[in-house]
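Okay, so here's the structure we're looking at.
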Amino acid sequence: MNDPATIRRLYGRRAGHKLRTGQAALLEDLLPRLVVPDEGLLDATRLFGGPRPMEVEIGFGAGEHLAEQASARPGTGFIGCEPFLNGMVGALGHVRDKALANVRLHMGDALTVLERLPDAALERVYLLHPDPWPKARHAKRRMVNNGPLDLIAAKLKPCGEFRLGTDDPTYCRWAMMVMNARRDFTWQASAAQDFLVRPPDWPETRYERKARRKGHEVWYFRWRRI
């Protein structure tokens, strides 16, 4: 397996707008109760108090997709990883408002969390509208590369699902090229509507709505772990 440590520079700025008082309070009071431990194995019992299915969202943005998935399936444990402070605050707000007990959060590199999960522990991994790193010289920074994908494949159960959403044509072509060359995933699409129409169990994100307002096409990819 390619060492994911060689592809760590996957994100840009970690902070955006200055936080309001209420947002800062969420970070101080709620995040410590939900944060993924810094060290050790991350199994369902340690994270959620007992055996249960688990899923990971890499870069959850404002957290609306993560919260909707967690609300729809309270028996599943959801781990959200996001390096940006404002995104973390957004997710904490959703967790508070929906009283979600099945969400754990990590502010930082998702690969460091994936590495500590047991192999074949995950039902799904989500990567929605990642930074496309559009310049060719930055292509190695994209999450859809063989190093991170090797790790994702190892942590998915057989028949587990890797989902990618993007509105960036370059990233779309890149992902299809990289994933089509792999033999440990199979694309779950038999017709154009299977990747051009958002599935019913794929909640819309704020970023996706913004992309559509700009007239962008959005692609919804689902690959199953062989």
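Points to keep in mind about this one:
- Pairs of Cα atoms nearer than 8 Å and 6+ residues apart set the relative contact order; for segment 36-172 it is 25 percent.
- Residue-averaged [θ]222 nm for the chain, counting only DSSP H segments that reach four residues, each worth -39500 (n - 2.57): -9500 deg cm²/dmol
- When the solvent-accessible area of segment 83-188 is split by element, carbon and sulfur atoms take up 55 percent of it, the probe being 1.4 Å.
- The value for segment 103-184 of Rg(Cα) / (2.2 N^0.38 Å) is 1.10.
- Here each label is just a point 7 Å from Cα along the line to Cβ, and for K157 and A24 those points are 4.4 nm apart.
- Taking 0.36 nm per residue of separation and subtracting the Cα-Cα distance, full extension of the segment from D97 to R183 would add 26.8 nm.
- Helices that extend 15 Å or more along their long axis by alpha-carbon positions and average at least -0.5 on the Kyte-Doolittle scale are, among the DSSP H runs of the chain, 85-98, 169-180.
- Sorting the segments 82-93, 177-188, 139-150 by their mean number of nearby beta carbons within 10 angstrom, highest to lowest, gives 82-93, 139-150, 177-188.
- Taking amide hydrogens as placed 1.01 Å from N in the peptide plane, the amide H of G59 sits under 5 Å from those of C81, E82, each at least 5 positions away in sequence or on another chain.
- Under 5 Å, built H, 5+ apart or other chain: amide partners of G160: R225
- Where a label projected 7 Å from the Cα of I226 along Cα→Cβ would reach, residues of segment 174-192 with amide N under 15 Å: 178-189
- Antiparallel %, DSSP beta bridges [both residues in segment 107-226], to 5: 60
- Between R137 and V197, the contour length at 0.36 nm per residue exceeds the Cα-Cα span by 18.4 nm.
- For segment 162-208, the percent of C-alpha pairs falling in each 10 Å distance bin, counted from 0 to the bin holding the largest distance, reads 20, 56, 23, 1.
- Calculated FRET value between R46 and K210, using beta carbons and R₀ = 35 Å, to 0.05: 0.45
- Anisotropy class of the chain from Cα gyration tensor, a/c 1.5 cut: rounded
The values are calculated or read from the model by the stated rules, or taken from the named source; none is laboratory data. What you are looking at is a predicted structure, and each value in this text was computed from that prediction instead of being measured. Ideal geometry is used to build each Cβ from the backbone, glycine not excepted, and the neighbour counts take in all protein chains shown. These accessible areas exclude ligands, DNA and RNA; they are computed on the full protein's heavy atoms, side chains included. Shrake-Rupley method; radii C 1.70, N 1.55, O 1.52, S 1.80 Å.
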